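A quick write-up on the structure given underneath.
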Amino acid sequence: MKIVQFHGDRRVSVEEAPEPEPSDDFAVIKVMSSTICGTEFSSYTGLTDVGPMGNAGHEATGIVWKTAPGSRLTEGARVAMYPGFGERCGKCANCYRGVWLRCLNAGPQPDGHLGTHAQYVRRREDYCLELPDDISFEQGALLVDCVGTPYRGIRRMGVNGFDTVLITGLGPLGASAAMLCRKLGARIIATEVNDARLDRAPDFGVDHAINPTREDALARVMELTGGRGVDKAIDFTGYPEPQNLCLDAARGGGMVGFLGLKYESGPDGPVPRATPVRVLDQLLIKEMTLISSWCVTPDQVMELFGLVREGLPVDRLVTHRFGIDDAATAYETTFGGPGTKVMIDPWAE
């Protein structure tokens, strides 16, 4: 089978590898659609090491290809793969809540775990969520992380039709958040420095798009809100300046969500980028509610299936599609070109 292999320093190849085999509660999935996530940048550049898994792909759907005796899965079934890498215990409070990525007794990555930019992968059966026939493989791959992560945060923030929401960053997560907030009836202000993404802002339901390198973003937000500030603000960049814009632009008693993630090089490896915050005037006096959100839960993936049926236009996120043999170009398009969400089809000719 074919698998994408990372070599660091933005170097990618496509290699031949043995097809995985099922065992116990692990099934082999034929990957039908796999999307490139922004969190793969550090592995693509070599800042973090993916180890033996080949690549860092984790947003994918496929078909159950092979199962072990006694499997609860049916060969030929369509599935969306939950984007978990390590072993969860299934018995702690977080596992019972469905917050699998915060398992209190998480184990290491299982043997034979491959990134999803491959023709076949081996996955725990309980990480294989049934994909309804009316949800395409591409849509399912988008929902398990790219759309699911902002959905969880937006639900926690209680966004509704009375809100004005500021979104900083219109990459795949920010664009997904804009579509979700639009679906909920909110008014949306967004900031973005990439002109191609700014041009597409209306496609995602954004009412007012701001380039903070060309105008004073905070002053513009205050002008648009009559000096009051936004009800809710969500950062998807992971950079200090947009994060602080969210804190400054949110009204008193408002809410701010941090969903962006950025790493930088440290003496002992990658470290999260630091963000200085003024506790007194940005949080304390304004009585701000601050939340973070990491990943969607399995039950929320089911809710997203329903939103797609009701017209949530997640297909608009996809700007480019490549076969697996063109993986190097797919990564260049994602991290150095015009791509918003880039799909890899492991079986395209």
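The values are calculated or read from the model by the stated rules, or taken from the named source; none is laboratory data. All figures in this text were calculated on a predicted structure; none of them were measured in a lab. Cβ: placed from backbone, ideal geometry, glycine included. Neighbour counts: every protein chain shown. Remember, those area values only see protein heavy atoms, side chains included, never the ligands or the DNA or RNA. Shrake-Rupley method; radii C 1.70, N 1.55, O 1.52, S 1.80 Å.
Laid out as a table, the results:
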quantity: Residue list for region 323-346, restricted to those being surrounded by 20 or more Cβ atoms within 10 Å (Cβ to Cβ) and over 26 Å from residue 235 (Cβ atoms); calculated: 324, 327, 330, 344, 346
quantity: Filter pass, residue 259 being surrounded by 21 or more Cβ atoms within 10 Å (Cβ to Cβ) and among the hydrophobic types (A, V, I, L, M, F, W, C); calculated: yes
quantity: Identity of the residue in region 42-57, part of a helix (DSSP H, G or I), out of contact with any Lys or Arg (no Cβ under 9 Å at 6 or more places or on another chain) and not polar (S, T, N, Q), that ends up most open to solvent (accessible area, probe 1.4 Å); calculated: 52
quantity: Selection count, region 177-193, where residues are small (Gly, Ala, Ser), under 24 Å from residue 216 (Cα atoms) and either open to solvent by 20 Å² or more (accessible area, probe 1.4 Å) or part of a helix (DSSP H, G or I) (or both); calculated: 2
quantity: Check on residue 296, outside any strand (DSSP E or B), within 23 Å of residue 182 (Cβ to Cβ) and in contact with a helix residue (DSSP H, G or I) (Cβ under 9 Å, 6 or more places away or on another chain); calculated: yes
quantity: Residue within region 40-50 that is closer than 18 Å to residue 116 by Cα, in contact with a Pro (Cβ under 7 Å, 6 or more places away or on another chain) and either of a type outside the set (Ser, Thr, Tyr) or touching a residue at least 60 places away in the same chain (Cβ under 8 Å) (or both) present; calculated: yes
quantity: Residue match in region 22-36 (condition: open to solvent by 10 Å² or more (accessible area, probe 1.4 Å) and in contact with a His (Cβ under 8 Å, 6 or more places away or on another chain)); calculated: no
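To keep it simple, each residue is scored yes or no on (1) open to solvent by 50 Å² or more (accessible area, probe 1.4 Å); (2) over 24 Å from residue 5 (Cβ atoms).
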{"residue": "59", "(1), (2)": "no, no"}
{"residue": "67", "(1), (2)": "no, yes"}
{"residue": "70", "(1), (2)": "yes, yes"}
{"residue": "86", "(1), (2)": "no, no"}
{"residue": "94", "(1), (2)": "no, yes"}
{"residue": "101", "(1), (2)": "yes, yes"}
{"residue": "104", "(1), (2)": "yes, yes"}
